[in-house]
1. Under a Cβ-Cβ cut-off of 14 Å, what is the net charge of the residues other than R62 that fall near it, where Lys and Arg count +1 and Asp and Glu count -1?
2. Among the trypsin sites (Lys or Arg not before Pro) within segment 55-108, which fall in a DSSP loop and have no more than 16 other Cβ atoms within 10 Å of their own Cβ?
Amino acid sequence: MPPGCRLTRTGEAAAPRLAPGRRAADLPGMALTTFATTTFAAARSRAHGPTAALWHAVEVHRLPAEVDGACELTLCGTLARVALDEPWPSSSREVCGTCTTLAGVTPA
Ligand SMILES: [Zn+2]
């Protein structure tokens, strides 16, 4: 290759090496979010076959007014309708055991 020529043997211009730069993995301006307090809301699932309708827990990340009556994914993976008039943990006997465990609620 003559001096000063940037073409390689295959005719392509020599590209700079694709070495990753040294920078942090976090995006600039990314805010730290504290998950110390998680708010749960009670949500009622529909009866499905032999399974009765149960009260489940839904993690609330938005304003309560936005999720009231909405169909949300519960902690155990069921779709259930949020009912803010029902407290969580629910005093009802028809409470999902998986949601109770995942929400960290100790049974009374
Ligand atoms: Zn559940």
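1. Once positives and negatives cancel, what remains is -4.
2. R62, R93
Rule-based calculations on the coordinates, nothing more; no lab input. Note that the structure is a prediction, hence the values are computed from the model and not measured. Quick reminder, even Gly has a Cβ in these numbers, built from the backbone with ideal geometry, and neighbours come from all protein chains shown.
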